[in-house]
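What follows draws every value from the coordinates through simple rules; no lab data is involved. The structure displayed is predicted, hence computed values, not measured ones. Methodologically, a virtual Cβ is constructed for each residue, glycine included, from the backbone with ideal geometry; neighbour enumeration extends over all protein chains shown.
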Amino acid sequence: MTMTIKSITFLDQLYPFGIFSISDPSIDIFDSTESFEIAKILNSLDNNKVYVLSFELVISWSLYDEDNPTITLSKPILITKNSNSKIISEFLLERISLAVDSYYLDDDLFKSFDNLEGPGIIVKYKEIKLF
């Protein structure tokens with residue numbers, strides 16, 4: 001399995017039997033699922049390095065506490081500076097939609113992303129050594 005910028009590559013596709021813990025990740029907060037949010041992170045990455053990235057859905061910032069549960073939107077994915085922000089953004093939208101359906105969340109969740117007290121996404125990422 002190799003990484004490509006044309007699709008999402010999951011960490012477990014390269015390490016199918018590994019258990020991973022990411023300590024001290026960089027953290028960013030998304031108030032929307034637009035590709036410019038992803039592009040900001042991608043532009044901050046170093047060339048020729050691979051990063052592992054995870055997404056957590058926060059239903060309401062007004063109720064959020066870091067000790068409370070969040071919804072993990074997918075298995076960790078791998079990204080590089082050259083990853084396609086539009087593909088990642090579309091993936092993120094699909095995962096949020098699946099979470100809404102799976103956990104019987106309000107369909108209007110998408111409409112309230114611009115609201116400061118509404119939902120958001122915690123993005124955690126860190127460089128990973130693959131080889």
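Kindly establish whether D67 is more than 14 Å from K126 (Cα to Cα), charged (D, E, K, R) and loosely packed, with under 14 Cβ neighbours inside 10 Å.
So D67 fits the description; yes.
Take V58 and tell me if it is in contact with a Gly (Cβ under 7 Å, 6 or more places away or on another chain), surrounded by 14 or more Cβ atoms within 10 Å (Cβ to Cβ) and of a type in the set (A, V, I, L, M, F, W, C).
yes
Output the residues belonging to segment 6-22 that are in a loop (DSSP other than H, G, I, E, B), surrounded by 13 or more Cβ atoms within 10 Å (Cβ to Cβ) and among the β-branched types (V, I, T).
Across segment 6-22, the qualifying residues are I8, I22.
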